[in-house]
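Shown next, in structure tokens, is the structure this report addresses.
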Amino acid sequence: MGVCSMKVSAATKSTERILLSDNPPRPYMISRSTAFWQKLRRWWPFYIMALPGVIYFFIWHYLPIWEAKIAFEQYRIIPPNIWVGMQYFSTLMSSPVFWQVIQNTIILGAMKLVFIFPVPILVALLLNEVRSSGYRKFVQSVIYLPHYLSWVVIASIAIATLSPVDGAVNDIIKAMGYDPVPFMTDSGSIRWVLVFTEMWRSAGWDSLLYMAAIFAIDPQLYEAAEMDGAGRWRKIWHDGAGRWRKICKIWHVTLPGIAPTIATLFILNVGLFLSQGFDQVFNMTNDVVNSQIDIIDTYVYRMGLRTGEFSLATAAGLFKGVIGMILIVLAHTVSKRLTGKGVW
């Protein structure tokens, strides 16, 4: 018994000396390289799935950055190129066509941001309120389908549907006693055609991110809201000031829960403000309305591939990229100050 007590006392003193020493034993640390290989072995199927996307962005988005210097050179198919500095940027700034292109891009960007960005949020909120899982899956399948259609197919559908001769939309208009509207060749309508076709194609697919954010909300928050008297859609209550208000679980629980997702996607959409979809405009434009929907992307295509002005096209593309980066930083800063949420 005495021997055991002496051993325990000695072990206790040894532990105290270690704890009170200036250099206590360090816990076992895993090196960064070891941690990397452990993560790689654990998550390798997901890395394989992401590999095609990484390769795509590397080839089409990162490699072209190294050739951005063409914007400052007089490009020649047979080297060497001649350094001209800001000459091509000056040419762009003095071109009335380029300023018309910028105006069209800004107008289309503003229309899409205002009228399209809120739609996926509304779709996700409505789908979340559908109680029948079978019906919800059916609706999701229907609204996701347009995303898989190319703009060639969508443009063909739009041209056929909006035709002033035998289009379904104009048949309804004529049945109501009005004259048919040539939507695809009307300068006042073509921008709205672009907005609504983009909305039809992307609203369902973009709602996926918001649906995922909604499903991640803690169900106990809804239970707490229910206990506080908030119905699924509304509950009337009287406050101390004598006013009647509506309390919505959607307003007080769901929307705050997906606010970080909304803020992030809004910032990214602002960053893509000058990227209004080359494929869509290219497939829906014509000589009559081209002056209304000619955007920076189609201008770059026309200058680079049709006229061979590679340096001028690169300067226009670099201009768009720099402005897009500035817009992302500004949107992130404003969002961080107002909501405390941003991209980084």
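Coordinate-derived values only; no laboratory data. This one's a predicted model, so the numbers in the text were calculated from it and none came from an experiment. Backbone-built Cβ (ideal geometry, glycine too); neighbour counts: all protein chains shown.
Data for the structure
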| quantity | calculated |
| --- | --- |
| Residue-by-residue Karplus 3J(HN,Hα) for the stretch 189-198, coefficients 6.51, -1.76, 1.60, Hz, glycine and proline x | 10, 4, 5, 5, 4, 5, 5, 6, 5, 5 |
| Overall form of the stretch 118-227 per C-alpha gyration tensor (a/c, 1.5; a/b vs b/c) | prolate |
| Amide hydrogen neighbours beyond the local backbone of residue 74, cut-off 5 Å, H modeled | 82, 83, 84 |
| Sparse-neighbour loop sites [chymotrypsin sites (Phe, Trp or Tyr not before Pro); the stretch 118-222; at most 13 other C-beta within 10 Å; DSSP] | 178 |
| FRET efficiency, 1/(1 + (r/R0)^6) with R0 30 Å, evaluated for residue 189 and residue 212 via beta carbons | 0.25 |
| Pairs from 69/341; 69/336; 249/341 whose Cα-Cα separation, in the structure shown, is over 30 Å | 69/341; 69/336 |
| For the stretch 36-144: rounded, prolate or oblate by the Cα gyration tensor [a/c cutoff 1.5] | oblate |
| Calculated from backbone phi, Karplus (6.51, -1.76, 1.60) coupling profile of the stretch 50-56 in Hz, x at Gly/Pro | 7, 4, x, x, 5, 5, 4 |
| Ranking of 206, 166 by count of other Cβ atoms within 10 Å, fewest first | 166, 206 |
| Exposure proxy order (Cβ contacts within 10 Å, fewest to most) of 261, 161, 34 | 34, 161, 261 |
| Sorted by Cβ neighbour density within 10 Å, fewest at the top, the residues 176, 111, 284, 93 | 176, 93, 111, 284 |
| Neighbourhood charge, 15 Å Cβ-Cβ cut-off, centred on residue 113 and excluding it, Lys, Arg +1 and Asp, Glu -1 | 0 |
| Fully extended contour minus Cα-Cα distance, from residue 223 to residue 100, at 0.36 nm per residue | 38.9 nm |
